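To start, the structure itself, in structure tokens.
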Amino acid sequence: MKVGGVAMRPLRAEPARDAVVVIDQRLLPHRLQLERLATPQAVHTAIRDMWVRGAPLIGATAAYGLALSLNEAADDAALEEAAVWLRQARPTAVNLAWALDRMLARLRPLPAAQRAPAAWDEADAIAEDDVRANAAIGRHGLVLLQAIAARRPGPVNVLTHCNAGWLATVDWGTATAPLYQAQAAGVPLHVWVDETRPRNQGASLTAWELGQAGVPHTLVADNAGGHLMQHGRVDLVIVGCDRVSARGDVCNKIGTYLKALAARDNGVPFYVAMPTSTLDRAIEDGVAEVPIEERSAREVTHLSGLDAAGQVVEIAIAPAATVAANPAFDVTPARLVTGLITERGIVTATAEALAALPGPG
Ligand code: MRU
């Protein structure tokens, strides 16, 4: 996608294959700052501390982290150790483990001397496959938006939660890909952007992305979605996902489940954009089995933003001694999901449909 008319991705490998360059997403929307990550340690930190975030993006970034580690040492023990360590950077999005498993499958059979160049090739392939998958998700999702636009005049009102945009992937985004394609196809569009407490990925990232692309949007407090749906102001919900179970339970950013409940109560279709790299066929019951990341309580008790002098500052919003909990994701049961928009087409969130779905290709 473009920033100020210039094509940009949130992750790219240096041609010399000695580093990757990422956008430090902690600073958006106030500052667009690129960071060069030249060690596996730097990549691990960037994933753990959310310089890069979003399920597909952390998968691709970890793949490059493994390639960087093989530049240093590529024997069997070094390969396995680096993969185990990178896998621990964040627990919930399965794309991290998926990308590392794909790297290991390619690299394990090779002699140590051939592993580093093959690792860079495979990480590049993971990144490019992600771009292709998201573009295809966009094409399939576009059909849903066009169908609504054909039924009545006025913009199609979409509600989204968190940031499943191009910043969360290598390009296009997942939930945003249909929006960007609708915009290009001339479908009139308006997006309700949930702020997404506690880290505000909607306010700071999705609103910024949509603004760059000229997609009309309105930022709302997380609690506004149900009200908007009751008043007929949401035509459909599209969110991303971090892990989808074999029977179609969807783990995504905390608060997604409440949106799905409100959507069901109001007859609003609830779609999930899911690249097949986010499908975890090893688990059935998403609520019981997805490991939910618990992040720092400080993300709940404090806010950061731009002050009147243009400085990014952090402020407290709770009494100093307040105990806060911060589960970062929740699980929406499959029964509340209208459909999964995948790169292979739109499928129902059922064990049968997902069993029949081919893997990433
Ligand atoms: O904690 P984050 O910002 O990594 O969470 C991101 C989300 O929950 C996204 O919706 C999900 O990863 C899909 S990104 C295409």
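The values are calculated or read from the model by the stated rules, or taken from the named source; none is laboratory data. Since we're looking at a predicted model, the values are computed, not measured. Using ideal geometry, Cβ is built from the backbone for each residue, glycine included, and neighbour counts are taken over all protein chains shown. The accessibility values were calculated without ligands, DNA or RNA, using every heavy atom of the protein model including side chains. Shrake-Rupley method; radii C 1.70, N 1.55, O 1.52, S 1.80 Å.
So, in region 163-181, how many residues would count as being on the phi > 0 side of the Ramachandran plot and within 9 Å of the ligand (Cβ to nearest atom)?
1
Looking only at region 50-60, decide whether some residue is of a type outside the set (S, T, N, Q) and touching a Cys at 6+ places or on another chain (Cβ under 9 Å).
So in region 50-60, the residues of a type outside the set (S, T, N, Q) come out as 50-60.
Those left that are additionally touching a Cys at 6+ places or on another chain (Cβ under 9 Å): 54-55.
Among the residues of region 50-60, at least one is of a type outside the set (S, T, N, Q) and touching a Cys at 6+ places or on another chain (Cβ under 9 Å), which makes the answer yes.
For Val131, all conditions in the list (1) in contact with a helix residue (DSSP H, G or I) (Cβ under 9 Å, 6 or more places away or on another chain); (2) of a type in the set (A, V, I, L, M); (3) within 13 Å of the ligand (Cβ to nearest atom) hold save one; what is the number of the exception?
Result: Val131 fails condition (1) only.
Of the conditions (1) in contact with a strand residue (DSSP E or B) (Cβ under 6 Å, 6 or more places away or on another chain); (2) part of a loop (DSSP other than H, G, I, E, B), Trp172 fails just one. Which one is it?
(1)
How many residues, within region 294-317, are open to solvent by 60 Å² or more (accessible area, probe 1.4 Å) and in a strand (DSSP E or B)?
Total satisfying the criteria: 7.
Within 14 Å of the ligand (Cβ to nearest atom) and not assigned by TED's automatic domain parsing to the domain that holds His30: which single residue out of Leu279, Leu306 fits that description?
On the way: Leu306 fails: within 14 Å of the ligand (Cβ to nearest atom).
Result of the check over Leu279, Leu306: Leu279.
Tell me yes or no: at least one residue of region 60-69 is of a type in the set (Phe, Trp, Tyr) and either open to solvent by 50 Å² or more (accessible area, probe 1.4 Å) or within 15 Å of Ala168 (Cα to Cα) (or both).
So the first thing to find is which residues in region 60-69 are of a type in the set (Phe, Trp, Tyr), and the list is 64.
Among the residues that remain, those that are also either open to solvent by 50 Å² or more (accessible area, probe 1.4 Å) or within 15 Å of Ala168 (Cα to Cα) (or both) are: none.
Within region 60-69, none of the residues are of a type in the set (Phe, Trp, Tyr) and either open to solvent by 50 Å² or more (accessible area, probe 1.4 Å) or within 15 Å of Ala168 (Cα to Cα) (or both).
If Pro291 passes every condition in (1) open to solvent by 20 Å² or more (accessible area, probe 1.4 Å); (2) part of a strand (DSSP E or B); (3) within 16 Å of the ligand (Cβ to nearest atom); (4) under 26 Å from Ala262 (Cα atoms) but one, which one does it miss?
Tallying (1) open to solvent by 20 Å² or more (accessible area, probe 1.4 Å); (2) part of a strand (DSSP E or B); (3) within 16 Å of the ligand (Cβ to nearest atom); (4) under 26 Å from Ala262 (Cα atoms), Pro291 fails exactly one: (2).
Working carefully through the options Leu110, Leu104, Leu100, find the one that is open to solvent by less than 30 Å² (accessible area, probe 1.4 Å), out of contact with any Lys or Arg (no Cβ under 8 Å at 6 or more places or on another chain) and either in a helix (DSSP H, G or I) or more than 16 Å from the ligand (Cβ to nearest atom) (or both).
On the way: Leu110 fails: open to solvent by less than 30 Å² (accessible area, probe 1.4 Å); Leu100 fails: out of contact with any Lys or Arg (no Cβ under 8 Å at 6 or more places or on another chain).
Of the residues listed, the single one that is open to solvent by less than 30 Å² (accessible area, probe 1.4 Å), out of contact with any Lys or Arg (no Cβ under 8 Å at 6 or more places or on another chain) and either in a helix (DSSP H, G or I) or more than 16 Å from the ligand (Cβ to nearest atom) (or both) is Leu104.
Name the pairs: first residue in region 38-67 and outside the structural domain of Leu107 (by TED's automatic domain parsing), second residue of a type in the set (S, T, N, Q) and within 15 Å of the ligand (Cβ to nearest atom), Cβ to Cβ under 7 Å, at least 6 apart or on different chains?
Once the first residue is outside the structural domain of Leu107 (by TED's automatic domain parsing) and sits in region 38-67, no partner that is of a type in the set (S, T, N, Q) and within 15 Å of the ligand (Cβ to nearest atom) comes close enough.
Mind counting the residues in region 33-70 that are under 19 Å from the mean Cα position of the chain (by Cα), away from the ligand (no atom under 16 Å from the Cβ) and part of a loop (DSSP other than H, G, I, E, B)?
0
Of all residues in region 208-219, how many are under 22 Å from Ala328 (Cβ atoms) and open to solvent by less than 20 Å² (accessible area, probe 1.4 Å)?
Residues of region 208-219 under 22 Å from Ala328 (Cβ atoms): 208-209, 219.
Filter once more, so that each one left must be open to solvent by less than 20 Å² (accessible area, probe 1.4 Å): 209.
Going through region 208-219 one residue at a time, the tally reaches 1.
Suppose we filter Ala150, Ala182 for residues that are farther than 21 Å from Thr276 by Cβ, open to solvent by less than 20 Å² (accessible area, probe 1.4 Å) and either in a helix (DSSP H, G or I) or touching a strand residue (DSSP E or B) at 6+ places or on another chain (Cβ under 7 Å) (or both); which single one remains? Break it down into steps so the answer makes sense when it comes.
On the way: Ala150 fails: open to solvent by less than 20 Å² (accessible area, probe 1.4 Å).
Only one candidate qualifies: Ala182.
Examine region 71-90 for a residue that is within 12 Å of the ligand (Cβ to nearest atom), surrounded by 15 or more Cβ atoms within 10 Å (Cβ to Cβ) and outside any helix (DSSP H, G or I), and state whether such a residue exists. Outline the logic, then answer.
Of all residues in region 71-90, those within 12 Å of the ligand (Cβ to nearest atom) come to 89-90.
Those left that are additionally surrounded by 15 or more Cβ atoms within 10 Å (Cβ to Cβ): 89-90.
Remaining after also requiring outside any helix (DSSP H, G or I): 89-90.
Within region 71-90, one or more residues are within 12 Å of the ligand (Cβ to nearest atom), surrounded by 15 or more Cβ atoms within 10 Å (Cβ to Cβ) and outside any helix (DSSP H, G or I).
Would you check which residues across region 153-162 are open to solvent by 30 Å² or more (accessible area, probe 1.4 Å) and within 13 Å of the ligand (Cβ to nearest atom) and list them?
None; the set is empty.
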